[in-house]
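Derivation of every value follows stated rules applied to the coordinates shown; laboratory data play no part. Quick caveat, the model's predicted, so the values are computed rather than measured. So basically every Cβ, Gly included, is an ideal-geometry build from the backbone, and we count neighbours across all protein chains shown.
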Amino acid sequence: MGHLVSSTTMLQTAREQQFGITAFNVHTLEMLQAVVEAAEEMESPLIIQTTVGTVHHLGPDYIVAAAQTAARRATVPIALHLDHCTDYELIVKCIRAGYTSVMIDASMYAYAENVQRTQEVVKVAAAAGVNVEAELGKVGGVEDDIIVDEHEATLAIPDECAAFVAATGVHTLAPAIGTAHGIYKGEPNIAFNRLREIGQRVQLPLVLHGGSGIPEEQVRRCVQLGMAKMNVATELRIAFSDAIRAVFASHAAENDPRKYMVPAKEAVKRLAQEKMKMAGCIGKAKEVQARTDHLKASLCY
Ligand code: 13P
């Protein structure tokens with residue numbers, strides 16, 4: 001296929017055509033390969049994402065090199081996204097390294113400061129054609145070092161969402177609608193009416209955080225109401241780790257990493273495909289690619 005692409009066109013296509021694109025948090029080369037193989041088999045566009053913790057763990061250059069290799073070999077469009085970053089300097093570093101999409105998470109600040117911090121990132125990302133995602137309201141749960149107690153989680157306000165998009169020029173918006181990072185105790189309590197209102201006020205692709213454990217029917221409703229990107233992290237980590245644990249349970253002395261990494265990779269791949277099916281992006285790679293090519297051609301006059 002060629003290069004990593006910005007997630008902007010793929011997500012706009014998804015919003016317009018009412019499907020969701022899965023964005024998977026990966027932490028190892030095998031997890032990255034697993035989600036790429038899943039996307040290839042399903043002919044699905046793909047967003048690979050890493051948390052700040054994983055950027056520190058692996059290094060942005062290693063991550064970009066692996067994602068670029070995947071994009072070069074793949075037949076589906078792939079974007080590389082930085083998830084939940086609060087640090088402007090790190091965002092700039094990742095953009096310079098080759099990330100094609102970034103999230104500035106300033107949701108812990110007051111509205112005006114969230115606007116200002118997001119504006120700064122939109123400005124620096126524009127030159128590189130990089131997609132910018134921001135969050136309004138506060139998504140509960142634990143994502144790396146960002147911990148939001150369930151009592152502190154707040155829903156996004158529709159008027160604020162519309163004003164925020166106009167003020168910042170952000171490309172994608174993650175409104176908190178009652179989902180949470182991590183595994184739900186019961187069923188998630190999604191504020192669908194709130195999401196409907198936000199979706200009517202904001203035409204941009206919306207982002208569904210806390211994708212682990214949301215029942216299929218609820219995912220579909222979210223997508224119909226404007227969610228064009230679905231983030232999945234915790235369930236992938238669990239699938240990966242459970243598969244490794246299962247190998248050691250029967251072969252406690254195993255010391256060949258390939259013997260436990262291969263089943264772990266397979267488990268992640270299977271789960272990624274299930275999530276793609278839920279979000280509705282199976283078979284959508286060609287449409288997204290056609291939109292991206294058309295855009296490129298219309299810019300080359
Ligand atoms: P989960 O860990 O609940 O899947 O959430 C992922 C997420 O929203 C990453 O930003």
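Rg/Rh for the range 75-169 to two decimals, with Rh computed the Kirkwood way over all alpha-carbon pairs. Present the calculation step by step, with values, prior to reporting the outcome.
Numbers: Rg = 13.7 Å, Rh = 14.0 Å.
Here the Rg-to-Rh quotient is 0.98.
Taking the Cα centre as origin and putting +1 on Lys and Arg beta-carbons and -1 on Asp and Glu beta-carbons, what dipole magnitude results for the range 242-297, to the nearest 20 debye?
Roughly 240 debye for the range 242-297.
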**Q.** Sorted largest first, extent of the chain alpha carbons per principal axis (Å)
**A.** 58, 52, 36
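If you place +1 on the Cβ of every Lys and Arg and -1 on the Cβ of every Asp and Glu, how big does the dipole about the Cα centre of the range 13-94 come out, in debye to the nearest 20?
On the way: 4 positive and 10 negative charges, 29 e Å.
With only Lys, Arg, Asp and Glu charged at Cβ, the dipole is about 140 debye.
Going highest first, how would you order 148-159, 38-49 by mean Cβ packing within 10 Å? Please report the intermediate quantities before stating the final value.
On the way: 148-159: 14.9, 38-49: 23.9.
Going from most to least packed, we get 38-49, 148-159.
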Q | Interatomic Cα distance distribution for the range 24-124, bins of 10 angstrom, percent | A | 16, 45, 28, 11, 1
Q | Neighbour-count ranking [beta-carbon atoms within 10 angstrom, fewest first] of 7, 250, 241, 107 | A | 250, 241, 107, 7
Q: With a point put 7 Å past each Cα toward its Cβ, work out how far residue 237 is from residue 61 in nm, to one decimal.
A: 2.7
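Rounded if a/c is under 1.5, else prolate if a/b is larger than b/c, else oblate: which is the range 257-301, with a ≥ b ≥ c the root eigenvalues of its Cα gyration tensor? All intermediate terms of the calculation are to be shown ahead of the outcome.
Numbers: a/c = 6.54, a/b = 2.33, b/c = 2.81.
It comes out oblate by the Cα gyration axes.
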Q) If R0 is 51 Å, what FRET efficiency do you get for residue 296 and residue 256 from their C-beta distance, rounded to 0.05? A) 0.70
(Q) Could you list 123, 138, 275 so that the one with the fewest beta carbons within 10 Å of its beta carbon is first and the one with the most is last? (A) 123, 138, 275
